[in-house]
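> Following this message is one structure expressed as structure tokens.
The values are calculated or read from the model by the stated rules, or taken from the named source; none is laboratory data. Owing to the predicted nature of the structure, the values given are computational and were not obtained by experimental measurement. Backbone-built Cβ (ideal geometry, glycine too); neighbour counts: all protein chains shown. For the accessible areas, the whole protein counts, side chains as well, though only heavy atoms, and no ligand, DNA or RNA atoms are used. Shrake-Rupley method; radii C 1.70, N 1.55, O 1.52, S 1.80 Å.
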Amino acid sequence: MGLAPRQNPDGRRDFVVTIILVLWLAQVGWLIWWFAPEGQDLINRLLTGQIGAAIRQEEPFSQGLAEVQEIIPPAATYVFLDRYEAGKENKARYLLYPRRHILLRPRIRPAPLFDRLVREQAEYLIIRDGLPPAARYYLEPPNHPAFQYLMESKAGTVYVVRPDLLVGGFYD
Amino acid sequence: MIEGLLTGFWLALGLASIELVGYGLLIVCLPRTSGFTALERFALGFGLGALVLTLWMLVLTFLNIDFSLPWVLGPWLIILCPWWALTSRRRLWQNDLCQLWSAARKIVTLGYGCGWTWRERAWLILLLLAFAFALLRATLYPLWAWDAITTWGLKAKAFYLSRAIDLSRFEAHNYYPNLVPLLMTYIYLWLGGVVDHLVKAIFPLWGGCLVLMFYSFLRRLPVKRPGAWLGAAFLVLNGPTLITHCFIAYADLALTYYTLVSAGLLFLWLRDQAPAGSLILVGVYGGGMLWSKYEGGSLVMINFLAAALTLLWLWPPGRGRKFASLAGIGFLTLLFYFPWRYFCLTHQMTIGADHVGGFFPAQFWHAIIYLLQALVWPPYFGLFWPVVILAGVWWGWEALYSPGLFLVLVTLGNLAAIILAYAVVPASVAEFPFYMRATVDRLLLHFVPVSGLLLAAPWAARNVGRENMVNLSWGCSPGKFRKDNKLFCHSRR
């Protein structure tokens, strides 16, 4: 009694604060490691002057979209076949705006595809991801006069569509 | 080279004009003796400027007037210029300029010659490095993050090209509020085109204002300057989430900023420490929450509900007047919701169908487990949540008998709201985990700074303990409160 060291709440609190601070500083070190690749890329770009829109043009998909942009007029509507999850379709929609963008699944059957092309009066079809053979059959000349192959870009295969010629006669 | 400099000049002018409008309105509308510091007025100004300019752009769309700089900015300059010229106001903003210049000089020189400790300098250097990185990362790279190009950036481009809020050519959560896209459109007007890398300069600036407000709130609570700098560094440099949102064009940073200002001022008001005019700002910045993101509605509701419950529990003197003020400010906030709601109604837009399905119990339990994991998962917020929880536990009993209860309720309320949001979202079994993984950090971010104010409690108590001060509202015991019948005791600085 009387010999036991007295508890010092302030000291205990300081100890906890010190532990937290040390852990946090270690975490800051980890954060620097986390952002290091981005920081390195940033410094490289500052040194080379490769910044802004030039960065986007390094990506093949964006290069392809730049080619497509020159072909499709701003007021036109196009159907883009892709999976939303791939993260390409939203880039196409953003970069090709104000062109109207209709997204359809790549495994779409011919009838709903043609129906949508007619309803939306779409003048272009871009296929980033493969179509099932049944639908692809109609796109191969001279199987259907409504589709005209235009180009193979890095954004996908581009067709010109004449919706007025899609008057039926196709079956799933 | 000259073209690049000129573009930078227009960008700087565009950003400065947002600040000028907001700051000018604060100078004109707040009482001259409001007690806000120059730094606070600066940090508040950017948010207010962004809010009024973008709401005005919505009004211009109603009036069928195309967006152009003279129409968007002109009326505000015409309204504000005569006020600035008035002698009393002129003295105020001249004083503020001097103070801001002095603060900027201290920050740039890291407080040399001003008695700053090496620790303060270290925290400041960390903050400056973080924001320098965010600024460069924002302005050198084009829009790339998912929602930035899918929703916010796309809308900004569409609004700029059509010079109006035209949602006819795409479907990108069209019912979402448009503060961020319209602000980007406003900068495009200054830049003269869709320069989607420079426009992102908005975000680090906004992040900077957020940190300044957090620092100011800590100083008012009262945390000493070194502690407040450390607190600000702790907020920013805990996990990559906040820094990342300072360079991607998402609306979450804006919502976080408005939430901090609205809830922080409400908290000061509950402590009877709010500068004059704060309560109006609570309403206006609550409006900013509603106008920046769909989730803003639930955050606003939680703020007001937490404040009302705190008043009910503490039952302070003059409670009738306080409840009436709270209701009035709630109504003011609601007014900000109507213009966009009216726009949605007149354009036959369905609101929230993609976020609210039925109640799915499996998702509810899954969400609880995932949220608990997210709170301690370092790649989201580092040590932030564990330390906040520790601070809450440390301070637990006292918090129940002080206005700090408000912060606890806001934190718990928002956590509950996230779980509920996940429980009602219409998602397939396969999609649901991905949905949570993609959104949980953002949903937590919205109230991270407000919950961060909880850290000030033990901190301030620690300072007080060292100075042998008693009866701080943060530190005094429930018994003391009851005995003195002084539930809302003021802190002594």
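> Working only within the range B:94-130, note down all residues that are within 14 Å of another protein chain (Cβ to nearest Cβ), surrounded by fewer than 15 Cβ atoms within 10 Å (Cβ to Cβ) and in contact (Cβ under 8 Å) with a residue 40 or more places away in the chain.
B:ARG119
> Restricting attention to the range A:43-81, report how many residues are outside any helix (DSSP H, G or I) and either within 12 Å of another protein chain (Cβ to nearest Cβ) or not β-branched (Val, Ile, Thr) (or both).
15
> Do you know which of the residues in the range B:131-146 that are buried (at least 21 other Cβ atoms within 10 Å of the Cβ) and in contact with a Phe, Trp or Tyr (Cβ under 7 Å, 6 or more places away or on another chain) is nearest to B:ALA103 (Cα to Cα)?
B:ALA134
> Quick one: which of B:THR139, B:THR109 is among the hydroxyl-bearing types (Ser, Thr, Tyr) and closer than 29 Å to B:TRP190 by Cβ? Show your work before the answer.
Details: B:THR109 fails: closer than 29 Å to B:TRP190 by Cβ.
Only one candidate passes the filter, namely B:THR139.
> Is it the case, given these coordinates, that A:TYR137 is under 15 Å from the mean Cα position of the chain (by Cα) and hydroxyl-bearing (Ser, Thr, Tyr)? Before the answer, list the steps.
Working: under 15 Å from the mean Cα position of the chain (by Cα): no; hydroxyl-bearing (Ser, Thr, Tyr): yes.
So A:TYR137 fails the test.
> Scan the range B:372-394 and give yes if some residue there is under 15 Å from B:SER298 (Cβ atoms) and out of contact with any Gly (no Cβ under 7 Å at 6 or more places or on another chain), otherwise no. Spell out the reasoning first.
As a first pass, look at the range B:372-394 and keep what is under 15 Å from B:SER298 (Cβ atoms): none.
There is no residue in the range B:372-394 that is under 15 Å from B:SER298 (Cβ atoms) and out of contact with any Gly (no Cβ under 7 Å at 6 or more places or on another chain).
Rundown of residues vs (1) β-branched (Val, Ile, Thr); (2) part of a helix (DSSP H, G or I); (3) out of contact with any strand residue (DSSP E or B) (no Cβ under 9 Å at 6 or more places or on another chain); (4) surrounded by 16 or more Cβ atoms within 10 Å (Cβ to Cβ), yes/no style:
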position: A:GLU85; (1), (2), (3), (4): no, yes, yes, no
position: A:LEU95; (1), (2), (3), (4): no, yes, yes, yes
position: A:HIS101; (1), (2), (3), (4): no, no, no, yes
position: A:ALA111; (1), (2), (3), (4): no, yes, yes, no
position: A:ASP115; (1), (2), (3), (4): no, yes, yes, no
position: A:VAL118; (1), (2), (3), (4): yes, yes, yes, yes
position: A:GLY130; (1), (2), (3), (4): no, no, no, no
position: A:ARG136; (1), (2), (3), (4): no, yes, no, no
position: A:PRO141; (1), (2), (3), (4): no, no, no, no
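> For the range B:55-82, how many residues meet the condition of being of a type in the set (Val, Ile, Thr), part of a helix (DSSP H, G or I) and free of Cβ contacts under 8 Å to residues at least 60 places away in the same chain? Please lay out each step first, then the result.
Initially, the range B:55-82 is screened for residues of a type in the set (Val, Ile, Thr), giving B:59, B:61, B:65, B:72, B:78-79.
Of the ones still in play, those that are also part of a helix (DSSP H, G or I) are B:59, B:61, B:72, B:78-79.
Keeping just the survivors that are free of Cβ contacts under 8 Å to residues at least 60 places away in the same chain gives B:78-79.
Qualifying residue count for the region: 2.
> Count, please, the residues in the range B:131-151 that happen to be at the interface with another protein chain (Cβ under 8 Å from one of its Cβ atoms) and in contact with a His (Cβ under 7 Å, 6 or more places away or on another chain).
So the count comes out to 3.
> Sort through B:LEU182, B:LEU210, B:LEU154 and tell me the only one that's facing chain A (nearest Cβ under 10 Å), assigned to a helix (DSSP H, G or I) and not small (Gly, Ala, Ser).
Values: B:LEU182 fails: facing chain A (nearest Cβ under 10 Å); B:LEU210 fails: facing chain A (nearest Cβ under 10 Å).
Within the list B:LEU182, B:LEU210, B:LEU154, the selection yields B:LEU154.
> Report yes if some residue within the range B:214-222 is crowded, with 22+ Cβ neighbours inside 10 Å and outside any helix (DSSP H, G or I); otherwise report no.
Yes, because at least one residue in the range B:214-222 is crowded, with 22+ Cβ neighbours inside 10 Å and outside any helix (DSSP H, G or I).
> Continuing with this model, one more query. Can you tell me which residue within the range B:185-201, out of those that are part of a loop (DSSP other than H, G, I, E, B) and touching a residue at least 60 places away in the same chain (Cβ under 8 Å), is surrounded by the most Cβ atoms within 10 Å (Cβ to Cβ)?
Pass one, the range B:185-201, residues part of a loop (DSSP other than H, G, I, E, B): B:192-197.
Narrowing further to those that are touching a residue at least 60 places away in the same chain (Cβ under 8 Å): B:192, B:195.
Numbers: B:GLY192: 11, B:VAL195: 19.
Among those residues, the one meeting the criterion is B:VAL195.
> Additional query: Among the residues in the range B:83-92, are any open to solvent by 40 Å² or more (accessible area, probe 1.4 Å), over 30 Å from B:ALA164 (Cα atoms) and outside any helix (DSSP H, G or I)?
yes
> Shifting gears a bit: For the range B:111-123, which residues satisfy the criterion of being within 26 Å of the chain's Cα centre (by Cα) and of a type outside the set (Asp, Glu)? Step through it out loud before you land on a result.
Residues of the range B:111-123 within 26 Å of the chain's Cα centre (by Cα): B:120-123.
Answer for the range B:111-123, where residues must be within 26 Å of the chain's Cα centre (by Cα) and of a type outside the set (Asp, Glu): B:ARG121, B:ALA122, B:TRP123.
> Show the residue pairs meeting these rules: Cβ distance below 7 Å; 6+ apart or different chains; first residue within the range A:121-144 and outside the structural domain of A:PRO106 (by TED's automatic domain parsing); second residue open to solvent by 70 Å² or more (accessible area, probe 1.4 Å).
Every condition considered, no pair remains.
> Has the range A:148-159 got any residue that is part of a loop (DSSP other than H, G, I, E, B) and away from every other protein chain (no Cβ under 14 Å)? So that I can check it myself, show each step before the final result.
Just the residues of the range A:148-159 that are part of a loop (DSSP other than H, G, I, E, B), to begin with: A:154-155.
Those left that are additionally away from every other protein chain (no Cβ under 14 Å): A:154-155.
Taking every residue of the range A:148-159 in turn, at least one turns out to be part of a loop (DSSP other than H, G, I, E, B) and away from every other protein chain (no Cβ under 14 Å).
> Does the range B:244-253 include one or more residues that are in contact (Cβ under 8 Å) with a residue 60 or more places away in the chain, in a helix (DSSP H, G or I) and among the aromatic types (Phe, Trp, Tyr)?
For the range B:244-253, residues in contact (Cβ under 8 Å) with a residue 60 or more places away in the chain, in a helix (DSSP H, G or I) and among the aromatic types (Phe, Trp, Tyr): absent.
> Filter the range B:329-348 down to the residues that are assigned to a loop (DSSP other than H, G, I, E, B) and surrounded by 15 or more Cβ atoms within 10 Å (Cβ to Cβ) and list them by number.
Keep residues of the range B:329-348 that are assigned to a loop (DSSP other than H, G, I, E, B), which gives B:336-337, B:347-348.
Within the range B:329-348, B:PHE336, B:TYR337 meet the criteria.
> Okay, moving on. Say we look at the range B:1-36 and pick out the residues that are among the aromatic types (Phe, Trp, Tyr) and assigned to a helix (DSSP H, G or I); which of these is nearest to B:TRP84 (Cα to Cα)? Don't jump to the end; show me each part of the working.
Taking the range B:1-36 as the starting set, the residues that turn out to be among the aromatic types (Phe, Trp, Tyr) are B:9-10, B:23, B:36.
Those left that are additionally assigned to a helix (DSSP H, G or I): B:9-10, B:23.
Numbers: B:PHE9: 24, B:TRP10: 23, B:TYR23: 11 Å.
Across the range B:1-36, the extreme among qualifying residues is B:TYR23.
Rundown of residues vs (1) touching an Asp or Glu at 6+ places or on another chain (Cβ under 6 Å); (2) assigned to a loop (DSSP other than H, G, I, E, B); (3) surrounded by 15 or more Cβ atoms within 10 Å (Cβ to Cβ), yes/no style:
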site	(1), (2), (3)
B:PRO386	no, no, yes
B:ILE389	no, no, yes
B:TRP394	no, no, yes
B:TRP397	no, no, no
B:TYR401	no, yes, yes
B:TYR422	no, no, yes
B:ALA427	no, yes, yes
B:PHE434	no, no, no
B:THR439	no, no, yes
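> Turning to a different aspect of this structure: Pairs only if they're at least six apart or on different chains, beta carbon under 9 angstrom, first in the range B:271-300 and part of a loop (DSSP other than H, G, I, E, B), second acidic (Asp, Glu); list them, first residue then second.
Partner pairs satisfying both residue conditions: B:PRO275/B:GLU40; B:LYS293/B:ASP252; B:GLU295/B:ASP252.
> While we're on this one: Just checking, how many residues over the range B:157-179 are within 7 Å of chain A (Cβ to nearest Cβ) and either open to solvent by less than 40 Å² (accessible area, probe 1.4 Å) or more than 23 Å from B:ASN64 (Cα to Cα) (or both)?
At the first step, the residues of the range B:157-179 found to be within 7 Å of chain A (Cβ to nearest Cβ) are B:157-158, B:161, B:169-170.
Going one step further and asking which of them are either open to solvent by less than 40 Å² (accessible area, probe 1.4 Å) or more than 23 Å from B:ASN64 (Cα to Cα) (or both), we end up with B:157-158, B:170.
Residues in the range B:157-179 being within 7 Å of chain A (Cβ to nearest Cβ) and either open to solvent by less than 40 Å² (accessible area, probe 1.4 Å) or more than 23 Å from B:ASN64 (Cα to Cα) (or both): 3 in total.
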